[in-house]
Amino acid sequence: MNQLQEIDQLRQQLHHHNHLYYVLHAPVVTDQEFDHLMHRLQDLEALHPEAFDPNSPTQRVGSDLSNEFQTVAHRRPMLSLANTYNREEVSDFYHRVSEGLQGEPFEVCCEMKYDGLSISLHYEGGRLVRAVTRGDGTQGDDVTDNVRTIRSIPLVLPEGGGWPDEFEIRGEVLLPWDNFERLNAQRQAAGEPLFANPRNAASGTLKSKNSAVVAQRGLDAYLYYLLGDGIPGESHYERLQTAARWGFKVGPQTRLCHSLQDIYDYIDHWDTERSQLPVATDGIVIKVDNLRQQRSLGLTAKSPRWAIAYKFQAEQAETILRLVSYQVGRTGAVTPVANMDPVQLAGTTVRRATLNNEDFIRSFDLHLGDHVLVEKGGEIIPKIVGVNTDARDESLGEPVAFITHCPECGAQLVRYEGEAAHYCPNDTACPPQLKGRIEHFISRKAMNIDSLGPETVDQYFRTGLIRDVADLYDIRLAQIAGANREREKSARKIIQSIEDSRQVPFERVLYALGIRFVGEIAAKALARYFKSVDALQTATTEQLLQVNGIGAVIAQSVIAWFANVQNQWLLERLRQHGLQFELNDDELAAHSDRLQGKTIVISGVFTHHSRDEYKALIERHGGKNVGSISGKTSYLLAGANMGPAKLEKAQKLGVSIISEEDFLQMIE
Ligand code: IVH
């Protein structure tokens, strides 16, 4: 056997072991043996670059090369499913199907509704050639390089499997619970923002520009829909078995149901049992099994008539409230937090839940020692949704009374009229407020001083090195490198990134100041309108209200911020440190009001710029990008492969249809 043949053989062996390990969870070789084969293949591939294959098992580790995602049109639109939330709606669906089939008997296939993001995989000649996200259903992002790193997705199908030369298979990409927990633990340790749930984590991961990162995170994929000509099997269930034979991971929970009662039993079973599954699920999907019957039922504009999703109620758990603690944020807002006995909920252990504000606590007449019901929504922090008052032992707990003074600095709290939150008014000396403002200032979307983590800020703050953001610019190497210069390397990095931040553009400096209610978008709008801090500082309420997206609340907050003498002093010091206090010439030149007052819909695939770039261009020239066409739309920016429905609607409503070239000329 020559080396090329050996490469071929090793690849087949490794694909096979990979399937046994990641799909069937039944390996027949040890990890060492697997690694040994892999290393041999890597060595041989290095000797034979001419044998490169993107679908080789060695490619599953991804690469550090940054990839850009191309937008590609789906060959067949990716529909979604109609949702139901109770048995009556399921029963309605069942009877609608029966009617649609004119009383003909039918079976349905019940499967889990995986809570990840949908993916469409294309195979040609038994090899993965393209993987595309759902996007807007008509077009999505080509994420093939990233998907190749998902170990449970076969890159090459087994010979003689009977697969057609070309087909598509759809399913869900997920980050299993244990990998999700590990990832968030790592991010917490590194002071990075946490992912709220596995779906967000999976989506963020799949859109990562670095496929090596994707490979490390441990995504998984469950497949549930085969499309194309020549696929064996005339029922959905059979086709899933077929997909499993070809090496795909299909949900092992899938069942054929023969009656409405069967469906209810399936729902009842998985409503509780799903907490044992390795991945997040948010419902079940009910599909008419027979493909001929599916075709005869057909589709609506958005979803098939032959399938429906039943969504589970959010999971709840009961536990005991032990203590209420209070957190003071950067704005001085005081948030009460419930500290409870640990309880398992939707895959994680929960110890704390937000109590929002005083009214929220009152609405439950909350007592310490109460048996509280917690629920996990889409956020990281769970919430309390009820109290089991029957279990209350009146003799023990006392009603929770909101604190009157700041737990951090002792100042008396205030509650402004019309607001639910309590505030600590001591914004010039309350430590978490001072620290919070510094953390906000250095954050990625603000000044991006990324070498400083929250712990370092905390340390500098405690030792008195910094009290406000202007102090950052006075830090000297000798102060932070350690007595024996043992931290010199990291200290240099810190000094450098503080130095670099002087070039951060004005709009981000404005955001970094942390003026209440002035988020990224408002800061951008203000910077572009007023063009300099000097102009903004002297702006009147009327002028501020002229700015797109600025209302009375933001205007008031801006005026108050600039009126404060301490802030004026801070600004002066930052100015002396050389921060950008006006838009630079490039930014001024890149902006215009050529599209002022125009609303523009983007559709199709483009060649000169990506959709996101067109979106940015529209904004930069004063226009507004919107998603759907209406009588008010000024232009439809039409690319290739645009959906016929949009085109027709635009024509009917008399909206001007322009090409990329027309558009670029307009803003030239
Ligand atoms: S079938 C035409 N099956 O739910 C039918 N979808 O709103 C296509 N999903 O976008 C979907 N688990 O991302 C189907 N077992 C399952 C599913 C599933 C999760 C997702 C999918 C889709 C959304 C439907």
Worksheet entry | Filter result for R182 (more than 30 Å from S628 (Cα to Cα), modelled with pLDDT under 95 and away from the ligand (no atom under 16 Å from the Cβ)) | yes
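Go through region 354-397 and give me each residue that's basic (K, R) and surrounded by fewer than 18 Cβ atoms within 10 Å (Cβ to Cβ).
Going through region 354-397, the residues basic (K, R) turn out to be 362, 376, 383, 392.
Those that are basic (K, R) and surrounded by fewer than 18 Cβ atoms within 10 Å (Cβ to Cβ): R362, K383, R392.
Here is a yes/no grid of residues against (1) out of contact with any Leu (no Cβ under 9 Å at 6 or more places or on another chain); (2) in a helix (DSSP H, G or I):
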| site | (1), (2) |
| --- | --- |
| E6 | no, yes |
| L14 | no, yes |
| H17 | no, yes |
| P27 | no, no |
| H39 | yes, yes |
Discussion item. Cβ-Cβ under 7 Å, sequence separation 6+ or interchain: first residue in region 81-95 and within 18 Å of E107 (Cβ to Cβ), partner of a type outside the set (A, V, I, L, M, F, W, C) and not in a helix (DSSP H, G or I). Which pairs?
Written reply: V90/T84; V90/Y310; F93/T84
Discussion item. Of the residues E172, E159, only one is surrounded by 15 or more Cβ atoms within 10 Å (Cβ to Cβ) and either at pLDDT below 90 or closer than 30 Å to E238 by Cβ (or both); which?
Written reply: E172
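Only one of these is in a strand (DSSP E or B) and more than 15 Å from the ligand (Cβ to nearest atom): V132, V72, V90. Name it. Even if it seems obvious, please write down each step before you answer.
Values: V132 fails: more than 15 Å from the ligand (Cβ to nearest atom); V90 fails: in a strand (DSSP E or B).
After applying the criteria, what remains is V72.
Of the residues G126, G137, only one is within 25 Å of D165 (Cα to Cα) and within 14 Å of the ligand (Cβ to nearest atom); which?
Numbers: G126 fails: within 14 Å of the ligand (Cβ to nearest atom).
Being within 25 Å of D165 (Cα to Cα) and within 14 Å of the ligand (Cβ to nearest atom) holds for just one of G126, G137, which is G137.
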Item to complete: Using the structure shown, decide if I498 is touching a residue at least 40 places away in the same chain (Cβ under 8 Å) and in a helix (DSSP H, G or I).
Response: yes
Practice prompt. Residues that are within 22 Å of L510 (Cα to Cα) and either touching a residue at least 60 places away in the same chain (Cβ under 8 Å) or not hydrophobic (A, V, I, L, M, F, W, C) (or both): find the helices (runs of 4 or more DSSP H) completely inside region 573-668 holding 3 or more of those.
Written response: 585-590
Discussion item. Checking the structure you have, find out if any residue of region 334-343 is in a strand (DSSP E or B), modelled with pLDDT of 90 or more, surrounded by 15 or more Cβ atoms within 10 Å (Cβ to Cβ) and in contact with a Phe, Trp or Tyr (Cβ under 6 Å, 6 or more places away or on another chain).
Written reply: yes
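Filter region 108-129 down to residues that are crowded, with 17+ Cβ neighbours inside 10 Å and either touching a helix residue (DSSP H, G or I) at 6+ places or on another chain (Cβ under 8 Å) or closer than 22 Å to V279 by Cα (or both), then give me how many there are.
Taking region 108-129 as the starting set, the residues that turn out to be crowded, with 17+ Cβ neighbours inside 10 Å are 108-123, 126, 128.
Imposing the further condition that a residue be either touching a helix residue (DSSP H, G or I) at 6+ places or on another chain (Cβ under 8 Å) or closer than 22 Å to V279 by Cα (or both) reduces the set to 108-121, 128.
Result for region 108-129: 15.
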Fill in: Selection within region 222-234 - closer than 19 Å to L79 by Cα and either within 14 Å of the ligand (Cβ to nearest atom) or in contact with a helix residue (DSSP H, G or I) (Cβ under 8 Å, 6 or more places away or on another chain) (or both)
Y222, L223, Y224, Y225, L226, L227
Discussion item. Here is a check on your reading of the model: is T319 among the polar types (S, T, N, Q) and part of a strand (DSSP E or B)?
Written reply: yes
Item to complete: Check K302 against each of (1) more than 30 Å from E181 (Cα to Cα); (2) more than 31 Å from the chain's Cα centre (by Cα); (3) in contact (Cβ under 8 Å) with a residue 40 or more places away in the chain and name the one condition it does not meet.
Response: (2)
Fill in: Sole exception among (1) assigned to a loop (DSSP other than H, G, I, E, B); (2) loosely packed, with under 14 Cβ neighbours inside 10 Å; (3) at pLDDT below 90 for Q32, by number
(1)
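Need at least 3 residues that are hydrophobic (A, V, I, L, M, F, W, C) and either away from the ligand (no atom under 12 Å from the Cβ) or surrounded by 15 or more Cβ atoms within 10 Å (Cβ to Cβ) (or both) per element, so show me which helices (runs of 4 or more DSSP H) inside region 236-313 make the cut, counting only ones lying wholly within it. Write out each step before concluding.
Working: elements: 236-245, 260-273, 291-297.
Where helices (runs of 4 or more DSSP H) fall fully within region 236-313 and carry at least 3 residues being hydrophobic (A, V, I, L, M, F, W, C) and either away from the ligand (no atom under 12 Å from the Cβ) or surrounded by 15 or more Cβ atoms within 10 Å (Cβ to Cβ) (or both), they are 236-245, 260-273.
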Response to the item:
Considering residues that are within 29 Å of the chain's Cα centre (by Cα), crowded, with 20+ Cβ neighbours inside 10 Å and among the polar types (S, T, N, Q), the number found within region 568-618 is 1
Worksheet item: N146 is checked against (1) away from the ligand (no atom under 13 Å from the Cβ); (2) touching a Lys or Arg at 6+ places or on another chain (Cβ under 7 Å) and fails just one. What number does that condition carry?
Response: (2)
Fill in: Index of the failed condition, G116 passing every other in (1) farther than 24 Å from Q294 by Cα; (2) more than 16 Å from the ligand (Cβ to nearest atom)
(2)
Practice prompt. Working carefully through the options V469, V400, find the one that is at pLDDT 95 or above, in contact with a helix residue (DSSP H, G or I) (Cβ under 8 Å, 6 or more places away or on another chain) and surrounded by 17 or more Cβ atoms within 10 Å (Cβ to Cβ).
Written response: V469
Worksheet entry | Hits in region 507-522 - residues which are within 23 Å of S451 (Cβ to Cβ), modelled with pLDDT under 95 and in contact with a Phe, Trp or Tyr (Cβ under 8 Å, 6 or more places away or on another chain) | G514, E520
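Regarding K632, is this residue loosely packed, with under 11 Cβ neighbours inside 10 Å and at negative phi? Break it down into steps so the answer makes sense when it comes.
Numbers: loosely packed, with under 11 Cβ neighbours inside 10 Å: yes; at negative phi: yes.
Yes: the conditions hold for K632.
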Worksheet entry | Test set (1) under 26 Å from G519 (Cα atoms); (2) in contact with a helix residue (DSSP H, G or I) (Cβ under 8 Å, 6 or more places away or on another chain); (3) in a loop (DSSP other than H, G, I, E, B) - R444 fails condition number | (2)
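The values are calculated or read from the model by the stated rules, or taken from the named source; none is laboratory data. Because the structure is a prediction, the values reported are computed rather than measured. Using ideal geometry, Cβ is built from the backbone for each residue, glycine included, and neighbour counts are taken over all protein chains shown.
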